[in-house]
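To start, the structure itself, in structure tokens.
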Amino acid sequence: MTSCHPLRRRLALAMIVFLCAGLSACGLRGGNDPNTITVLAVQDPFFYGLQKLLPEFEKETGIRVRLEGVDYNTLNARSTNSFLTRQSDIDVISPDSMWLSRFVNSGWLEDLTPLIRRDRHEVRPDDFIPGAVHSLSEWKGGIYTLPVAAYGTVVLYRPDVFNELGLPMPPAKPSPEWTWDAYLETIKAIDGKTVNGQRMYGTVVAGSGPQPVLHMYSQVAASKGVRWFASFPDSQRWDFTPQLDSPENLEALTYFRELYRHSPPESINYLWFDAGTAFSTGKVGMFYWWTPYAYLVRKSSYMGTKDSAVVGKYAVAALPQEPGKEQVSNVGGYAFGISSYSEKKAAAWTFVKWASSAETQKKMALLPGHQFADFARRSLYSDPELLKVYDYLPTQLSVLEKGDGKVARPPIPNYTTLEGDYGQALNQMLAGELTPQETAEQVQAKVIEILRNEHYLPWRQPSYADTVESTTRLLERLGRPE
């Protein structure tokens, strides 16, 4: 589980891109039909909801959609290859939020800002949660995608276990008393206890590197005040001097290692859904994770039909806070943008507006199985029909309102390279190969090396004070008549 050398990793990615060239050119091309568009997306829950509603869209618009779902790494490799070679085989893409800066700086995505302003009555930009648009769609004052699935972070727990052990329930709304220390003490009180014949683990982590473990760790780190760089992106002058060996990060690393000690040992190899599966089997008392797991744990398998062991036996709580620190909720997810090389931009924009609309999002949420509630639109969080199915929506809204994914995991254009080293070091720490101190020192040294080699240190290019407040003002302007 050692990390790859940066050069070897880049060569490996280049090889993946080369091997995907034929697939991208042949498998995705929509042909010359002006009414057929190709949409490439990761197979997260939103994908399946849209897939089921596509016949309705096609009937209403006359636009045929070739929706192709791929895994995370394939989405990156395929889209990168297609855009580098200036192909028109992808019309709509759902880039990971962390790739947005790279895609925009490379000229691969259309700026949707003028289209949003023109179609403001249809798009309703003021209905979007600013933190979601800021984290997923905005870069340097432009909006390049529209959110289709916004993920915050919440706590899932077992009230029956808490009652059996006489533990106080965590709050549904943010509370100063609900701290990360209180969270850990509760986990310790659960770990190793037997409840209704089941030996319980206090919690579970997604420990596999590089992405899953870094996704989970970055929330604790952000809450505890960890910042990756001296100033980015919410500063008039960017400074990429790494801060990953700070006292705050050392404290967060030590804390995260303690969480693993009260998790199933095999969770060191858990991917995203594996952590949710562990909870859904009934052997975990409490864990924090992306908001989609608030409904995914209802099923025994990913997007399956069989109910899990915790249906009716779990609840959703607010994210713990760190005393003296401003709470920051990690925000991730996916949003749809239009390829700059698409020859069907009008049809692509029609699809993006439809997929991100409140009407479509509500229909996705109410499909049989109820496996989608990742709304970026504020109005849906007070919808009575949705609240009957997803009663935790007020808690979810509370974390998204405090969300800033650009602070928790800064979307520097070479983020993927940094993530590789950081995530693998976290995995090594859980495995006992590195101490928290050694982890911090190793990551700090590698990030400095990478940033120097790629001309981030010192930073001589233009900066932009990229804040949730500036995105809020942008959305307000786009919603007003010119």
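Of the peptides 437-445, 119-127, the order by per-residue mean of other Cβ atoms within 10 Å, starting with the highest, comes out as 437-445, 119-127.
Is the shape of the range 45-124 rounded, prolate or oblate, going by the alpha carbon gyration tensor and its root eigenvalues a ≥ b ≥ c, with a/c under 1.5 for rounded and a/b larger than b/c for prolate? Oblate, since a/c reaches 1.5 and b/c is not below a/b. Placing +1 on each Lys and Arg Cβ and -1 on each Asp and Glu Cβ, with no other charges, gives the range 192-340 a dipole about its Cα centre of roughly 620 debye. Counting only protein heavy atoms and a probe of 1.4 Å, the accessible surface of the range 111-240 is 45% carbon and sulfur. Give the separation of the Cα centroids, the range 123-185 to the range 406-444, in Å. Each part reduced to its Cα centre gives a spacing of 23 Å. When K406, K52 are compared by accessible area of protein heavy atoms, the largest-first order is K52, K406, using a 1.4 Å probe. Between the C-alpha center of the range 42-117 and that of the range 226-271 there is a gap of 30 Å. In the range 290-422, Cα pairs under 8 Å separated by at least six residues give a relative contact order of 32 percent. Taking Y390, Y464 and ordering them by how much accessible surface each has at a 1.4 Å probe, largest first, produces Y464, Y390.
The calculated FRET efficiency for A346 paired with N105, based on their beta-carbon distance and R0 = 25 Å, is about 0.50. With distances taken between every two different alpha-carbon atoms, the range 403-454 has a Kirkwood hydrodynamic radius of 11.8 Å. Estimated at 0.36 nm per residue, the fully extended path between R66 and L271 surpasses their Cα-Cα distance by 71.0 nm.
Our estimate of slack between E177 and D127, defined as 0.36 nm per intervening residue step minus the Cα-Cα distance, is 14.8 nm.
A value for percent of Cα pairs over 40 Å apart was derived from the coordinates, and within the list [x] 17; [y] 26; [z] 21 it appears as [x]. Computed on the range 257-305, with alpha-carbon pairs under 8 angstrom and 6+ residues apart, the relative contact order is 29 percent.
Charged neighbours of L393, selected by a Cβ distance under 14 Å, balance to 0 (K, R count +1; D, E count -1). Put a dot 7 Å past the Cα of A431, heading toward its Cβ, do the same for R460, and the two dots end up 4.0 nm apart. Accessible surface comparison of M98, M169, probe 1.4 Å, protein chains only, largest first: the order is M169, M98.
Summed over the residues of the chain and divided among them, the accessible surface reaches 39 Å² per residue at a probe radius of 1.4 Å. Rounded if a/c is under 1.5, else prolate if a/b beats b/c, else oblate: with a ≥ b ≥ c from the C-alpha gyration tensor eigenvalues square-rooted, which is the range 370-438? Taking the square roots of the gyration eigenvalues as a ≥ b ≥ c, the range 370-438 is prolate.
Label-to-label distance for E482 and S235 is 3.7 nm, based on points extended 7 Å past Cα in the beta-carbon direction. When each of the peptides 78-87, 473-482, 329-338 is scored by how many other beta carbons lie within 10 Å of its residues on average, the order from highest to lowest is 329-338, 78-87, 473-482. Taking a straight Cα-Cα cut-off under 25 Å and skipping sequence neighbours fewer than 8 places away in the same chain, the lysines within cross-link reach of K52 are K299, K306, K344, K345, K353, K362, K363, K388.
Of the solvent-accessible surface of the range 379-438, computed with a 1.4 Å probe and all protein chains present, 52% belongs to carbon and sulfur. Net charge of the neighbourhood of R473, taken over other residues with C-beta under 13 Å away and scored Lys/Arg +1, Asp/Glu -1, is -3.
In sequence order, the range 279-294 has phi-based couplings of 5, 5, 6, x, 9, 10, x, 6, 7, 10, 6, 4, 4, x, 6, 5 Hz under the Karplus curve 6.51 cos²θ - 1.76 cosθ + 1.60, θ = phi - 60°, and Gly or Pro positions carry x. Using a probe of 1.4 Å on the protein chains alone, the accessible area found for T467 is around 30 Å². Based on C-alpha pairs under 8 angstrom that are at least 6 apart in sequence, the chain has a relative contact order of 27 percent.
The values are calculated or read from the model by the stated rules, or taken from the named source; none is laboratory data. Nothing here was measured: the structure is a model prediction, and the numbers come from that model. Using ideal geometry, Cβ is built from the backbone for each residue, glycine included, and neighbour counts are taken over all protein chains shown. Side chains included, ligands, DNA and RNA excluded: accessible areas come from the protein's heavy atoms. Shrake-Rupley method; radii C 1.70, N 1.55, O 1.52, S 1.80 Å.
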